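Trainee: The structure follows.
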Amino acid sequence: MKKAIHYAKKSLLSDDVPIGCVIVKNNKIIGYGYNKKEKLHSPIAHAEIMAINMASKNLNSYHLEGSDIYVTLEPCLMCVGAILNSRIRNLYFGARNKRFGAVVSHQKIEKLITNHNISYEFGICEKECANLITKFFLELRKRSK
């Protein structure tokens, strides 16, 4: 999760919400990403999507079986769909996302009808992950005044 936090901080360079992600297989990072929605002017440039794309290119396959994904913020429904479609084994995330979270907060991943099940765990480095986002929005509000 510390690596995901490291990548989340890179989002700040483009005034993006600081969300980071790494995908690990056989104890090696095969993909990483961070939020680039503002930088790329794209609603799908989420950290998870960026990391899944990189991992898929590195493995020359979108089948990421046997890999684990670490994200600083609970994934949204779009990202949960991508995680399930890529057949990632385990999902670990830090802070909950009460507005858009599609694992335990706003939506429940267990209620999705899919052909792939994923294990998940949350609350990993939760305070550090949540503080990144809280601090970002506090600074944003100060600048807009």
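Trainee: Of the residues Glu110, Glu74, Glu48, Glu126, which is among the acidic types (Asp, Glu) and over 21 Å from Ala8 (Cα atoms)? Walk me through it before giving the result.
Mentor: Values: Glu74 fails: over 21 Å from Ala8 (Cα atoms); Glu48 fails: over 21 Å from Ala8 (Cα atoms); Glu126 fails: over 21 Å from Ala8 (Cα atoms).
Just a single option satisfies the conditions, and that option is Glu110.
Trainee: For a quick check of your reading of the model, give me the residue pairs whose first member lies in the range 105-119 and is closer than 14 Å to Asn85 by Cα, whose second is part of a loop (DSSP other than H, G, I, E, B), with beta-carbon atoms closer than 6 Å and at least 6 apart or on different chains.
Mentor: Short answer, once both residue conditions are applied: Ile109/Val103; His116/Arg87.
Trainee: Ok, one more. Would you check which residues across the range 98-110 are open to solvent by less than 30 Å² (accessible area, probe 1.4 Å) and either of a type in the set (Asp, Glu) or assigned to a loop (DSSP other than H, G, I, E, B) (or both) and list them?
Mentor: Let us first name the residues in the range 98-110 that are open to solvent by less than 30 Å² (accessible area, probe 1.4 Å), namely 101-105, 109.
Residues satisfying the conditions are Gly101, Ala102, Val103, Val104, Ser105.
Trainee: Still on this model: Give the residue that is most open to solvent (accessible area, probe 1.4 Å), with candidates limited to residues of the range 42-69 that are among the polar types (S, T, N, Q) and free of Cβ contacts under 8 Å to residues at least 24 places away in the same chain. Break it down stepwise before answering.
Mentor: The first filter runs over the range 42-69 and keeps only residues among the polar types (S, T, N, Q), leaving 42, 53, 56, 58, 60-61, 67.
Then keep just the ones that are free of Cβ contacts under 8 Å to residues at least 24 places away in the same chain; that gives 42, 53, 60-61.
On the way: Ser42: 28, Asn53: 81, Asn60: 143, Ser61: 41 Å².
Once the filter is applied, the top-ranked residue is Asn60.
Trainee: Looking at (1) over 20 Å from Asn117 (Cα atoms); (2) part of a helix (DSSP H, G or I); (3) modelled with pLDDT of 95 or more, which is the one condition that is false for Ile29?
Mentor: With (1) over 20 Å from Asn117 (Cα atoms); (2) part of a helix (DSSP H, G or I); (3) modelled with pLDDT of 95 or more applied to Ile29, the lone miss is (2).
Trainee: Let me ask another. Hey, can you tell me all the residues within the range 1-35 that are under 20 Å from Tyr62 (Cβ atoms) and not hydroxyl-bearing (Ser, Thr, Tyr)?
Mentor: Cys21, Val22, Ile23, Val24, Lys25, Asn26, Lys28, Ile29, Ile30, Gly31, Gly33
Trainee: Ok, one more. Could you tell me which residue of the range 70-104 is nearest to the chain's Cα centre (by Cα), considering only residues that are closer than 14 Å to Gly20 by Cα and touching a residue at least 40 places away in the same chain (Cβ under 8 Å)?
Mentor: In this case the residue turns out to be Val71.
Trainee: Can you pull out the residues in the range 21-41 that are over 19 Å from Gly94 (Cβ atoms) and open to solvent by less than 30 Å² (accessible area, probe 1.4 Å)?
Mentor: Matches in the range 21-41: Ile30 only.
Trainee: Next up: May I ask you to list the residues in the range 51-80 that are assigned to a helix (DSSP H, G or I) and either of a type in the set (D, E, K, R) or under 22 Å from Glu110 (Cα atoms) (or both)?
Mentor: Taking the range 51-80 and keeping what is assigned to a helix (DSSP H, G or I), we get 51-59, 77-80.
Of everything in the range 51-80, those that are assigned to a helix (DSSP H, G or I) and either of a type in the set (D, E, K, R) or under 22 Å from Glu110 (Cα atoms) (or both) turn out to be Ile52, Lys57, Leu77, Met78, Cys79, Val80.
Trainee: Going through Ile113, Ile88 one at a time, which residue ends up being out of contact with any His (no Cβ under 8 Å at 6 or more places or on another chain) and crowded, with 17+ Cβ neighbours inside 10 Å?
Mentor: Within the list Ile113, Ile88, the selection yields Ile88.
Trainee: Report every pair of residues separated by at least 6 positions or lying on different chains whose Cβ atoms are under 6 Å apart, first residue within the range 17-36 and under 13 Å from Glu74 (Cα atoms), second open to solvent by 40 Å² or more (accessible area, probe 1.4 Å) and modelled with pLDDT under 95.
Mentor: Once the first residue is under 13 Å from Glu74 (Cα atoms) and sits in the range 17-36, its partners that are open to solvent by 40 Å² or more (accessible area, probe 1.4 Å) and modelled with pLDDT under 95 give Pro18/Leu12.
Trainee: For the range 85-97, does any single residue satisfy the condition of being part of a helix (DSSP H, G or I) and farther than 18 Å from Cys129 by Cβ? Before the answer, list the steps.
Mentor: Step one: filter the range 85-97 for residues part of a helix (DSSP H, G or I), giving 85.
Among the residues that remain, those that are also farther than 18 Å from Cys129 by Cβ are: 85.
Yes - at least one qualifying residue is present in the range 85-97.
The values are calculated or read from the model by the stated rules, or taken from the named source; none is laboratory data. Just so we're clear, the structure is a prediction, and the values are computed from it rather than from any experiment. Quick reminder, even Gly has a Cβ in these numbers, built from the backbone with ideal geometry, and neighbours come from all protein chains shown. Areas reflect the complete protein model, heavy atoms only, side chains present, ligands, DNA and RNA absent. Shrake-Rupley method; radii C 1.70, N 1.55, O 1.52, S 1.80 Å.
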